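Everything below concerns the one structure shown next.
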Amino acid sequence: MKMRTKIILLICLVALGALLISKRVQIMEVVQGWQQPALPAAVSYEEIVGREEVGREEVGREDKIIKEPKPVDINLNLPEAGEEQEELKTDDTELEELSDGWPAQMNLAVPFTPQAPFSNWDLPFQEACEEASVYMVHEYYQGTPGGRIGAEAAEQALLKIVEYENALFGDYLDTSAAQTAILVEQMYGYGRVDLLANPTVEQIKEQIAAGRPVIVPAAGQQLHNPYFTQPGPLYHMLVIRGYTEKGFITNDPGTRHGEGYFYPFETLMSALHDWNGGDVDNGQKIILIIYPEN
């Protein structure tokens, strides 16, 4: 009788173990959901600057015209892997300051797409985090409501950006912050795109409070995002769309769970590193800010 009981118990344990393994992704999602803090309500760019809501209707919406690419030299004097990196010169004085400080928390209604809209992680989507980051910020400024962008529209937009990069740089892989700035200026015609080296948490908050999402290059494996295929990408790019008292709210295109994904300040600031030829862990700490005003 005792032996039979042990066998039944063993079978039950094996069955339970198999069930837990088969449902491990769903279980992880539930656990991660518990760990993600409650986020402040999202606000649109139009609400922040006091402009009239443009919505998603085509009537009255003036999309920026995509310009023909003008090929540039892809070698932007980036250091080789392992080479000491020179301080990137940026004009910090031009960054607008908020005279009255900023709210304790902020969440911009930046629409979201993963870099693989249909969960097809083959190329080019496996390497499309830069393209997805640019696309999300552009759609935010175009008045596209927050939430998930349709997969078909997102995929077609990302493919167009990849095509544009190939014509512009001769390649689309591992786009640095400087190259991304050139892409934004040439493809969408934004008149001002700032690069800020060695940013502080307060400087990033300042941009968010002004209604401007911040694009950040990062050493992907330092983000420790549990939704990444481990150990995570060597190089990654994502969008900071908000902040709370404890961390940043992001749109991380590296996972379908990336909409409004929360990173503690220390985690994201530590992971900030630009592409430098391969030694990303020692890449320049830098952020990219697109200004919608021309």
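Derivation of every value follows stated rules applied to the coordinates shown; laboratory data play no part. Please read all numbers here as calculations on a predicted model, not as lab measurements. Here Cβ is always computed from backbone atoms with ideal geometry, including for glycine, and neighbour counts include all displayed protein chains.
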(request) Give the number of residues within the range 151-188 that are under 25 Å from SER119 (Cβ atoms) and either without any contact (Cβ under 8 Å) to a residue 12 or more places away in the chain or of a type in the set (Phe, Trp, Tyr) (or both). (result) 6
(message) Exactly one condition in (1) in a loop (DSSP other than H, G, I, E, B); (2) in contact (Cβ under 8 Å) with a residue 60 or more places away in the chain is false for GLY242; which is it?
(response) (1)
